[in-house]
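K.L.:
Quick one: this structure, given as C-alpha cells, is what I'll be asking you about.
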Amino acid sequence: MATVPITLTVNGQAVRAEVEPRVTLADFLRDELGLTGTKLGCEHGVCGACTVLVDGAAVRSCLILAVQAEGADVLTIEGLAGDGLHPVQEAFWEHHGLQCGFCTPGMVLTAYALLQERPSPSEEEIREALAGNLCRCTGYQNIVVAVRAAAEKLAGAR
Amino acid sequence: MTLQVLPRGKWLGARVKRVEDPRFLTGEAKYLADIVLPGTVHVAFVRSPYGHARIKSIDTSAAKTMPGVLAVFTADDVTALPPLASGLPVEGLQPTPQPVLAKDKVRFVGEAIAAVVAESRYLAEDAAEQVVVDYEPLPAVVDAERAMHPDAPILHEELGTNIVYQKTTTLGDIEGAFAQADRVFRRRLHTNRFVAAPMETRGCLSVYERASGHLTFYSSTQMPHMLRLFLALFLGIPEHKVRVISPEVGGGFGQKMTIYPEEVVVAYLGKVLGRPVKWVEDRRENLAAATHAKEQIIELEAAVRNDGTILGLKARLIGDAGAYSFNTASALIEPLAGAGLMPGVYDIQHYQHEVIAVCTNKAPVGAFRAVGWTAAQTARELFFDEIARELGLDPAELRRRNVIPPERFPYTTCTGMVYDSGTYRESLERALELVGYEELRRRQAELRQQGRYLGVGISLYVEPTAWGSEIALQAGFPFPSHDNATVTIDPSGKVRVAVSVHSHGQGHETTLAQVAAEILGVSIEDVVVEHGDTDRAPWGMGTYASRSAVIGGGMVALAAQEVREKVLRAASRLLEVAPEDLDIQDGTVFVKGAPDRSLSMFQVAFAAYLDNRTRAEGEEPLLSATKFYDPRATYSNGCIVTVCEVDIETGLVQLDKVVAVEDCGTMLNPMIVEGQVMGAIAQGIGGALYEEMAYDESGQLMTDTFVNYLLPSATEVPPLTIEHLESPSPVTIGGIKGIGEGGLLATPASVAGAVLDALAPFDARIERLPLTPERIVEALRSSESR
Ligand code: FES
Ligand code: FES
C-alpha cells in the first residue's frame, strides 16, 4: 500500500516517517516508534487505554490516524517524566492506584491533562474526567485519591 | 505444619508500596502485545458469524493469494491437534470436545474456523475477509431451559440431548424439614451472563526452534506450568523442550486460566511455519470468544418457621454452559460450585440440590472471580430478603437468626465444607454499624413519605480460598493441586524468590517479598520475586481462586525459614556461637545480647558459598530451599452493605455508598487487600446493574463492543468503605486466608438487594439481572397491574 510522509514531534523529538494512510496513531507509536507504553484495550474508542496528549489535549490514539497527527506535538507515557517519576505517577504509586497496570498509562495521562487544565479539581470533577478510562482492577477509588494527591503535590511545587 | 504464626515486624502486615509499580507507571512494562521478535508474523482468525450452522465448504484460495499472506489453516490442516476436552473427569458429565478450529459445524458466534497468517496484522485481517465460508444456518437455542426441551435444536448430535449433566443430591432430612415448616417460600432468579473483560485481551506468541525442537510460548496466561504441560501433550513436543513465559498480564480474573483453542493453534503454527507467530486478540474477539461466566437459572424453595428460622432448603441450579464444556469441566463449574456454597454462612443442615448443565449456542463458560458462588449468593440473599419481608422481619434480623454462631467453629456444612474460623456475625454487626443501619431505616421511611425510594442491601458471605487439594475436594472439584517456592540467597547476600503462583495485578512481587524479607531479616529491596516463566519458576498451578496469598505466602515462608536456618548455621560457625543465640535484622546476623558481634548477610553468604569452614561434613553449600505447600481448606468471610436510591419514574439507580467488612485472616499487606476488595466490588456493581452478554433468538451476539457491553466507570462506582476484621486461620501457615473473590461473590446480592429494598413498597418482582432501568420500570409497571 502507498505511504504518506509525516513529520511530528513525539516526546520532544522530531519524527519523520512514511506511513500507510490507514495506520492509527496508536499503531504508529507502538509499532513504528516502539513506544509500547501506549496500550490498546478496545480499539474502538471506549476504554481510554490508548490515551496520549496531542497538542496538550488527551486524545484516544486508536481513533485517529497517524497522518492526522501531521505537525502535532505528541506526548506519550514514556515522555512524561525524565528519569524518575512525575508527581502524578508518584501519587499513583503511593496510593495504590494500579494493579495490573494496563490502564495505567492512559489513566496517568488523562489525570495529567486534567491537572494542567484544573489544578485543584473536586472529587466529582476527577471522576468525570476519568470516566472515559476503564479500569477493571482497582474500582477507581484509589485512582481518584491519587489524582487528588497529585494535585496537592503539584500545588506544593508551584 | 510449622509456622502457625509468622513474625510481624517491619514488613509483614505493613502497607508496603508495591515494588513492581514503577515499570507500569512509566510504560516500560512489557505485556504480550509489546513483545517484538524479529521475523514475527501475525494471525487473524476467521470466526463464525452464526450461533449455529453447518459448514458446507471453506474456500481459502483467494485469501492465500493476498499480499503478505503465508498460510491459511482450517480444520483440515490441523488434524494432528486433538480437540480440547475436559481435563477433569467428573462422573456423569457428558464430553463435548471442542475442535481447535471448527469442523463441519459452528456452535457459537465467534467460534474460530480458520487462522490466517501474514506479515502484519493489517494484512492478516485483509486476507481473513477473503476467506469464503459457505454456511447452512441451523436453528439456535440460547436459553438453557429451552435447550432442555426435547424439541430444542441439539448442539452435539451424538449426545441426543443438550443436557450434559443432571444430578440430585439430598443432604440431611429434607422432607422432615419441610414437614415442620410454618411457611414455604419459593423464588427464581436468572443471573446474567457476564464476563471478566480484563483490560488486556488474550494473546500469545509461538517461537519454535527447528534445530533443537524447542518451543518458547509467550501467553497472557494465569497458569504457565499447566499450559506448558498441555501444549507438550497436544503438540507432541517433549515437555522439557517447552518453555512458557507469561509476561506482564493485564488482568485475568479467571478468564486466563483456560487453555484456549487459539493458543493451541498459534503454538502449532509456530512449529509448522518456523517463524515466530503472534496473535493479539481484539476486543470483539474477547467479548465473543473468550470464556463467559456466571449465568445460572436458580430456583429455591425454603422451609421456614414463623420466627425466621430456615429449616431446610431445596435448590435447582441450571448452568448455561454455552457451546462446549472443555478444560476443567467447565459446564459444571457454575452450577456445581454454586450448589456447594448455597447454604453459605447459615446453619442449614437439611438441603437438597439438583445440578443441571446444559449446552446452548453461546460462548463456552469459564472461571470468573467467585465462579458459581456469585450466582448462588445472589439468589439466596435476595430470597432471604423476600422471606424477611413476607414475615415482617428486618432482613438483618433474619440473618442474625440463621447465621452460624462463633462457638460452632470449626463448622462442617451439610455439603462437606469445613469452615475453619471466621467472624460471620461480627462482620454483619460491624457493617450495619458502619453504614448507620438504624438511622438509614428511619430515613428510608421518611423519604418514602416524600416519594423518594432509598434502599439498603445486605450480603453476608463466606468465601472458600486457598485453592489446594482439600478445598477443591470440599467444593466438589476433586483436583489435586500444589505449588512450590524456591528461596535462594546468592553469594552476595541478595535474595531470589521463585514462585509458581502467578501475578497479574495482585502484587506478588511485593507481598511475597514481604514474607521472605520478614523471615530472613533483610530489607525488601534485597529481595526479588520471579514468576511467570516455567524455566525460572518452580512447578505449580498458577494463580486462581484466591489461592496465592495462602499458598504463595505459605510456601515462601517455609522455604525462607529453611534458608534462614542455613544462614544461622553458617554464621554460627563463623562467629563461634550456637545458631539459637543468633538473630538477623536489617541484613545483619548478630549475637543476641551482643549486637556488635555481627556479620553482614553479604559476609555470611559469601563464606557459605566459598569458605568450606562454614559447612559441616555432608552439608550443601547452597543457601537455597525449595518447599511445597498444599494448604488445608480455609474460608474468608465478610459482609457488604449497599445504600442506593431508585428513581421510580426512570428506573435509574443512584448508588450512595458501599460498605465492606472483610476478614481474610492474617493480612500480608492491607493496602493490597483493600485493592482486591475494591476492584471486586466494582465488578460486582457492573454485574448487578450494567453488564450482560446478550444474544438474540438466532444466537446472534448483541454485545460485542464496549459500546453495548457496559463496564462501570469512575462515575458509576460510589465511595467505598473497607474495614478489616482479622481472625487468623488455625489451619494455614501464618493464619492467612485468601481475599481475591469475596467482593464479586457478595456485591451483586448487596446492590440488587438494595434496589429491591427500595422498591419494596411496590411489590415489584424481578427474576433477571442486571437491574437495568428498563427492567426496573417494567417490574414497577407489572406490579401496578397485579
Ligand atoms: S484502545 Fe483506544 S479507547 Fe480503547
Ligand atoms: S490496573 Fe488493571 S485495568 Fe486498571
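K.L.:
How many residues does the range A:15-36 hold that are assigned to a loop (DSSP other than H, G, I, E, B) and either within 16 Å of ligand 2 (Cβ to nearest atom) or of a type outside the set (D, E, K, R) (or both)?
P.N.:
In the first step, residues of the range A:15-36 are kept if they are assigned to a loop (DSSP other than H, G, I, E, B); the result is A:20-23, A:33-36.
Among the residues that remain, those that are also either within 16 Å of ligand 2 (Cβ to nearest atom) or of a type outside the set (D, E, K, R) (or both) are: A:21, A:23, A:33-36.
Residues that pass the stated criteria total 6.
K.L.:
Answer yes or no as to whether A:V74 is away from ligand 2 (no atom under 16 Å from the Cβ), open to solvent by 10 Å² or more (accessible area, probe 1.4 Å) and hydrophobic (A, V, I, L, M, F, W, C).
P.N.:
Numbers: away from ligand 2 (no atom under 16 Å from the Cβ): yes; open to solvent by 10 Å² or more (accessible area, probe 1.4 Å): no; hydrophobic (A, V, I, L, M, F, W, C): yes.
Against the criterion (away from ligand 2 (no atom under 16 Å from the Cβ), open to solvent by 10 Å² or more (accessible area, probe 1.4 Å) and hydrophobic (A, V, I, L, M, F, W, C)), A:V74 does not qualify.
K.L.:
In addition: Within the range A:35-50, does at least one residue satisfy the condition of being more than 14 Å from ligand 1 (Cβ to nearest atom) and either away from chain B (no Cβ under 12 Å) or open to solvent by less than 50 Å² (accessible area, probe 1.4 Å) (or both)? Please lay out each step first, then the result.
P.N.:
Just the residues of the range A:35-50 that are more than 14 Å from ligand 1 (Cβ to nearest atom), to begin with: A:35.
If we keep only those that are either away from chain B (no Cβ under 12 Å) or open to solvent by less than 50 Å² (accessible area, probe 1.4 Å) (or both) too, we end up with A:35.
Within the range A:35-50 (the criterion being more than 14 Å from ligand 1 (Cβ to nearest atom) and either away from chain B (no Cβ under 12 Å) or open to solvent by less than 50 Å² (accessible area, probe 1.4 Å) (or both)), the answer is yes, since at least one residue qualifies.
K.L.:
Residues B:P728, B:P773, B:P748: which one is surrounded by fewer than 17 Cβ atoms within 10 Å (Cβ to Cβ) and either among the charged types (D, E, K, R) or touching a strand residue (DSSP E or B) at 6+ places or on another chain (Cβ under 9 Å) (or both)? Before you say what the answer is, go through the steps one by one.
P.N.:
Values: B:P728 fails: surrounded by fewer than 17 Cβ atoms within 10 Å (Cβ to Cβ); B:P748 fails: surrounded by fewer than 17 Cβ atoms within 10 Å (Cβ to Cβ).
None of the other options fit; the residue is B:P773.
K.L.:
In addition: Can you work out which of the residues in the range A:127-146 that are of a type in the set (A, V, I, L, M) and more than 9 Å from ligand 2 (Cβ to nearest atom) is nearest to A:E90 (Cα to Cα)?
P.N.:
The extreme case among them is A:A146.
Yes/no per residue for (1) open to solvent by 50 Å² or more (accessible area, probe 1.4 Å); (2) at the interface with chain B (Cβ under 7 Å from one of its Cβ atoms):
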residue	(1), (2)
A:V54	no, no
A:D83	yes, no
A:G97	no, no
A:P105	no, yes
A:E123	yes, no
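K.L.:
Across the range B:203-221, which residue is farthest from the chain's Cα centre (by Cα) among those that are open to solvent by 10 Å² or more (accessible area, probe 1.4 Å) and in contact (Cβ under 8 Å) with a residue 40 or more places away in the chain?
P.N.:
Among residues in the range B:203-221 that are open to solvent by 10 Å² or more (accessible area, probe 1.4 Å) and in contact (Cβ under 8 Å) with a residue 40 or more places away in the chain, the one farthest from the chain's Cα centre (by Cα) is B:R210.
K.L.:
Turning to a different aspect of this structure: When you check B:T614 against the structure, is it among the β-branched types (V, I, T) and not assigned by TED's automatic domain parsing to the domain that holds B:L440, yes or no?
P.N.:
Numbers: among the β-branched types (V, I, T): yes; not assigned by TED's automatic domain parsing to the domain that holds B:L440: yes.
For B:T614, the condition - among the β-branched types (V, I, T) and not assigned by TED's automatic domain parsing to the domain that holds B:L440 - is met.
K.L.:
When the residues of the range A:132-145 are narrowed to those that are among the hydrophobic types (A, V, I, L, M, F, W, C) and within 13 Å of ligand 1 (Cβ to nearest atom), which ends up surrounded by the fewest Cβ atoms within 10 Å (Cβ to Cβ)? I'd like the intermediate steps shown before the answer.
P.N.:
Applying the first criterion (among the hydrophobic types (A, V, I, L, M, F, W, C)) to the range A:132-145 yields A:134-135, A:137, A:143-145.
Add one more test, that the residue is within 13 Å of ligand 1 (Cβ to nearest atom), and what stays is A:134-135.
Working: A:L134: 24, A:C135: 32.
Applying the filter and picking the extreme gives A:L134.
K.L.:
Moving on. Please find, among B:G436, B:G476, B:G416, the residue that is under 22 Å from B:I722 (Cβ atoms), away from every other protein chain (no Cβ under 14 Å) and open to solvent by less than 50 Å² (accessible area, probe 1.4 Å).
P.N.:
Numbers: B:G476 fails: under 22 Å from B:I722 (Cβ atoms); B:G416 fails: under 22 Å from B:I722 (Cβ atoms).
Among B:G436, B:G476, B:G416, only B:G436 is under 22 Å from B:I722 (Cβ atoms), away from every other protein chain (no Cβ under 14 Å) and open to solvent by less than 50 Å² (accessible area, probe 1.4 Å).
K.L.:
Also: Can you tell me how many residues in the range B:590-615 are open to solvent by less than 80 Å² (accessible area, probe 1.4 Å) and either free of Cβ contacts under 8 Å to residues at least 40 places away in the same chain or hydroxyl-bearing (S, T, Y) (or both)? Can you show your working first?
P.N.:
Residues of the range B:590-615 that are open to solvent by less than 80 Å² (accessible area, probe 1.4 Å), as a first pass: B:590-591, B:594, B:598-601, B:604-605, B:607-609, B:611, B:614-615.
From what's left, either free of Cβ contacts under 8 Å to residues at least 40 places away in the same chain or hydroxyl-bearing (S, T, Y) (or both): B:590-591, B:594, B:598-600, B:607, B:609, B:611, B:614.
Summing the residues that are open to solvent by less than 80 Å² (accessible area, probe 1.4 Å) and either free of Cβ contacts under 8 Å to residues at least 40 places away in the same chain or hydroxyl-bearing (S, T, Y) (or both) in the range B:590-615 gives 10.
K.L.:
Looking for something part of a strand (DSSP E or B) and either among the charged types (D, E, K, R) or more than 13 Å from chain A (Cβ to nearest Cβ) (or both) - is there at least one such residue anywhere in the range B:76-95? Give the derivation first.
P.N.:
Looking only at the range B:76-95, we keep the residues that are part of a strand (DSSP E or B), and these are B:84, B:86.
Remaining after also requiring either among the charged types (D, E, K, R) or more than 13 Å from chain A (Cβ to nearest Cβ) (or both): B:84, B:86.
Checked against the condition, which is being part of a strand (DSSP E or B) and either among the charged types (D, E, K, R) or more than 13 Å from chain A (Cβ to nearest Cβ) (or both), the range B:76-95 yields at least one hit.
K.L.:
Answer with yes or no whether A:R60 is within 16 Å of ligand 1 (Cβ to nearest atom) and of a type in the set (K, R).
P.N.:
On the way: within 16 Å of ligand 1 (Cβ to nearest atom): yes; of a type in the set (K, R): yes.
Taking the combined requirement at face value, the residue satisfies it.
K.L.:
Let me ask something else about it. Just need a number here: residues in the range A:75-110 that are away from ligand 1 (no atom under 16 Å from the Cβ) and part of a helix (DSSP H, G or I).
P.N.:
Total meeting the criteria: 10.
Each row is one residue, and each column tells you yes or no for (1) in the same structural domain as A:E117 (by TED's automatic domain parsing); (2) under 10 Å from the mean Cα position of the chain (by Cα); (3) away from ligand 2 (no atom under 16 Å from the Cβ).
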{"site": "A:T38", "(1), (2), (3)": "no, yes, no"}
{"site": "A:G41", "(1), (2), (3)": "no, no, no"}
{"site": "A:G45", "(1), (2), (3)": "no, no, yes"}
{"site": "A:A49", "(1), (2), (3)": "no, yes, no"}
{"site": "A:L53", "(1), (2), (3)": "no, yes, yes"}
{"site": "A:A57", "(1), (2), (3)": "no, yes, yes"}
{"site": "A:L63", "(1), (2), (3)": "no, no, yes"}
{"site": "A:E70", "(1), (2), (3)": "no, no, yes"}
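K.L.:
Which of the residues belonging to the range B:484-509 are closer than 30 Å to A:C135 by Cα, touching a Gly at 6+ places or on another chain (Cβ under 9 Å) and more than 14 Å from chain A (Cβ to nearest Cβ)?
P.N.:
The first filter runs over the range B:484-509 and keeps only residues closer than 30 Å to A:C135 by Cα, leaving B:497-509.
The next check asks that each one be touching a Gly at 6+ places or on another chain (Cβ under 9 Å); those that pass are B:499-508.
Selection gives B:V499, B:S500, B:V501.
K.L.:
Restricting to the range B:548-582, what's the tally of residues that are small (G, A, S), buried (at least 21 other Cβ atoms within 10 Å of the Cβ) and over 30 Å from B:H504 (Cα atoms)?
P.N.:
Count: 2.
K.L.:
Only one residue in B:G27, B:G13, B:G51 is surrounded by 16 or more Cβ atoms within 10 Å (Cβ to Cβ), away from every other protein chain (no Cβ under 14 Å) and within 30 Å of A:V88 (Cβ to Cβ). Which one?
P.N.:
On the way: B:G27 fails: away from every other protein chain (no Cβ under 14 Å); B:G51 fails: within 30 Å of A:V88 (Cβ to Cβ).
On inspection, the qualifying residue turns out to be B:G13.
K.L.:
Scanning the range A:63-81 for residues that are more than 22 Å from A:Q116 (Cα to Cα) and among the aliphatic types (A, V, I, L, M), which turns out farthest from the other protein chains (Cβ to nearest Cβ)?
P.N.:
A:I64
K.L.:
Go through A:A113, A:A81 for me and flag whichever is in contact with a strand residue (DSSP E or B) (Cβ under 6 Å, 6 or more places away or on another chain) and either within 16 Å of ligand 2 (Cβ to nearest atom) or on the phi < 0 side of the Ramachandran plot (or both). Step through it out loud before you land on a result.
P.N.:
Values: A:A81 fails: in contact with a strand residue (DSSP E or B) (Cβ under 6 Å, 6 or more places away or on another chain).
Being in contact with a strand residue (DSSP E or B) (Cβ under 6 Å, 6 or more places away or on another chain) and either within 16 Å of ligand 2 (Cβ to nearest atom) or on the phi < 0 side of the Ramachandran plot (or both) holds for just one of A:A113, A:A81, which is A:A113.
K.L.:
Name, by its number, the condition in (1) among the charged types (D, E, K, R); (2) crowded, with 22+ Cβ neighbours inside 10 Å; (3) away from ligand 1 (no atom under 15 Å from the Cβ) that does not hold for A:R30.
P.N.:
A:R30 satisfies every listed condition except (3).
K.L.:
Follow-up. Can you tell me which of B:Q700, B:Q676 is open to solvent by 10 Å² or more (accessible area, probe 1.4 Å) and within 14 Å of chain A (Cβ to nearest Cβ)?
P.N.:
Working: B:Q700 fails: within 14 Å of chain A (Cβ to nearest Cβ).
Step by step, each of B:Q700, B:Q676 is checked, and only B:Q676 is open to solvent by 10 Å² or more (accessible area, probe 1.4 Å) and within 14 Å of chain A (Cβ to nearest Cβ).
K.L.:
For the range B:312-328, give me each residue that is surrounded by fewer than 24 Cβ atoms within 10 Å (Cβ to Cβ) and more than 15 Å from B:A375 (Cβ to Cβ).
P.N.:
Scanning the range B:312-328 gives B:K314, B:N327, B:T328.
The values are calculated or read from the model by the stated rules, or taken from the named source; none is laboratory data. As the structure is a prediction and not an experimental result, all values here were calculated from the model. Counting neighbours? That spans all protein chains shown, and the Cβs are built from the backbone with ideal geometry, glycine included. What goes into the accessible areas is simple: the full protein's heavy atoms, side chains included, and nothing from ligands, DNA or RNA. Shrake-Rupley method; radii C 1.70, N 1.55, O 1.52, S 1.80 Å.
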